[in-house]
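*Asks:* I am attaching a structure below and will ask some questions about it afterwards.
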């Protein structure tokens, strides 16, 4: 016969289960605005029934309810998509921020920009062409040239500083990745201890997922979880976290309760200063010193590396392209501009004569070798004596004798024409013989003029910056969509929780009513049976 008190045990289980459900609902409500919190769900399960004899057979009678588990409302697929899109957004956000800084330092168009300095430089030569014997006009040319050189120096220095800043970011980001790996490893220890006891450490799992979300901003991440075969009677998982290119093999960062580290050994840049490389540290399955494969277009770390490049200078022989060395490529464009400017001006200036009849003097200093944006400067000889600026062009008279003087302004006019084209490089004459230069230099830049070359470089930078902004905004839409989709699963809906609160409260009240009813029944049995009235 079934125990008379079995009903009380049934009611006790009901009260206990509904109380846990109420507490969990309250926990959800309390954390409705907690970042990273995942809504928890109580899984109620009927307890094993009792078997009692009936008329020739046995009957199964229910024994109540119990809490099977308290689980998080989580969708692994949505998590994966959110982190994938999050990595891409951070990649483009980093590119947008860096390119916007470069656009800001160029300050185009404005009165304090390189294009304005070039315009002022050409205008000064035009003024000198009309007033070749004016010392003030010569001084203005030297001032305009010095200003132009200073602007190029400043741009080169700012690009260098941007590269150094990105390199610092790379080192900081590697430290962050290593820190995340260690924190996730420690959480895995704690989570596993709780899972072995048969419980679900939901709040610890939330902390781990939050760390993975943060990590996805730096690199692409992929989580793989599987059942631990050592525990067949309970759910204990093996957790593995991979980073970088998903097509690459075994780029594991956290292997259950073991965390691997990334290192940043120094690699000599083209100018001698070291940039940080990113390699796997000691003990990694791929081998210590193996370069990490970050994939394409994911994470702030990859964006920083590709913008920075492997060195300060642009080295095509070493495989540099705009895609993998954006700032070094930008510096190379300014180096070509500075060198082309110096070559064109010098080619014309060498063929002219100064007031003393001297010639073959470069306007821009070439003693340091190839002229770059970092080293371009005016010939010191001209600074010390502005009358040495060549302005005149020698021609031949009817008898074939060289004639002409610095005062005719033809050389200054030819240099000023470089503002719009390369015609100033045509018909150059030897200042001694007056004979045409048989091998005039080809246009030093692959553009219709120096201004056109610079304009194309600015346009290219603008397009790159616009693309970064457009892609970041597009990714922001996707990230917001995935976030909202995830919140629809993991987020706390107050209306739903309040409904659950009422539901569980009513169930608790009904269970309490069962206790009251059973108490009355037992009182009848204990105090009412066998009493003669």
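*Asks:* Extent of region 406-445 along each principal axis, from alpha carbon coordinates, in Å, largest to smallest?
*Replies:* 29, 25, 10
*Asks:* Can I ask one more? Order these by the 10 Å Cβ neighbour count, fewest first: 77, 504, 231. Intermediate values should be presented prior to the final figure.
*Replies:* Numbers: 77 7, 504 22, 231 14.
Ranking 77, 504, 231 by Cβ neighbours within 10 Å, fewest first, gives 77, 231, 504.
*Asks:* If you don't mind, there's one more thing I want to ask. At q = 0.13, 0.18, 0.24 Å⁻¹, what log₁₀ I(q)/I(0) does region 29-89 have when each alpha carbon counts as one equal point scatterer in the Debye sum?
*Replies:* Those come out to -0.62, -0.82, -1.02, one per q.
*Asks:* If you build the convex hull over the alpha carbons only and average its shadow over all orientations, what do you get for region 198-354? Give it in nm² to one decimal.
*Replies:* So the mean shadow area of the Cα hull is 13.4 nm².
*Asks:* Rg/Rh for region 196-262 to two decimals, with Rh computed the Kirkwood way over all alpha-carbon pairs. Let's see the in-between values first.
*Replies:* Values: Rg = 13.3 Å, Rh = 13.2 Å.
Reported Rg/Rh (Cα atoms, Kirkwood Rh): 1.00.
*Asks:* Ok, one more. For region 6-111, take the convex hull of the Cα atoms, compute a quarter of its surface area, and give me that in nm², please.
*Replies:* It is 11.7 nm².
*Asks:* Suppose a student asked you for the relative contact order of the chain, using Cα pairs under 8 Å spaced at least 6 residues apart; what percent would you report?
*Replies:* Numbers: 892 pairs, mean separation 105.0, N = 533.
Contact order relative to length: 20 percent.
*Asks:* Quick one: Cα convex hull volume of region 297-396, Å³ per residue? Let's see the in-between values first.
*Replies:* Details: hull volume 12.0 nm³, N = 100.
It comes to 120 Å³ per residue, whole-number rounded.
*Asks:* Also: Pairing the Cα long axis of helix 326-349 with the longest principal axis of the chain, what angle in degrees results, from 0 to 90 and rounded to the nearest 10?
*Replies:* Once rounded, one gets 10 degrees.
*Asks:* What do you get for Rg/Rh of region 341-380 when both radii come from the Cα atoms and Rh is the Kirkwood radius?
*Replies:* Radius of gyration over Kirkwood radius for region 341-380 works out to 1.00.
*Asks:* Ok, one more. Helix 202-215: angle to the longest alpha-carbon principal axis of the chain, degrees 0 to 90, nearest 10?
*Replies:* Taking the Cα atoms of the chain, the angle to 202-215 is about 10 degrees.
*Asks:* Any idea what angle helix 6-30 forms with the longest principal axis of the chain, computed on alpha-carbon atoms, 0 to 90 degrees, nearest 10?
*Replies:* In the chain, helix 6-30 runs at an angle near 20 degrees to the longest axis.
*Asks:* Once you sort the root eigenvalues of the Cα gyration tensor of region 117-210 as a ≥ b ≥ c, which label holds: rounded (a/c under 1.5), prolate (a/b larger than b/c) or oblate (the other case)?
*Replies:* prolate
*Asks:* Per the Kirkwood definition applied to all pairs of different Cα atoms, how many angstroms is the hydrodynamic radius of region 302-360?
*Replies:* That comes to 13.5 Å for region 302-360.
*Asks:* Diagonalise the Cα gyration tensor of the chain and give the resulting equivalent ellipsoid semi-axes, square root of 5 times each eigenvalue, largest first, whole Å.
*Replies:* Sorted largest first and rounded, they come to 84, 22, 15 Å.
*Asks:* Got a sec? How would 76, 196 order by Cβ neighbour count within 10 Å, fewest to most?
*Replies:* 76, 196
*Asks:* Now a separate question. What three numbers, in Å, describe the spread of the alpha carbons of region 41-167 along their principal axes, ordered from the longest?
*Replies:* Ordered largest first, region 41-167 gives principal extents of 131, 23, 15 Å.
The numbers here are math on the coordinates, done by the rules we state, and not lab data. Nothing here was measured: the structure is a model prediction, and the numbers come from that model. Counting neighbours? That spans all protein chains shown, and the Cβs are built from the backbone with ideal geometry, glycine included.
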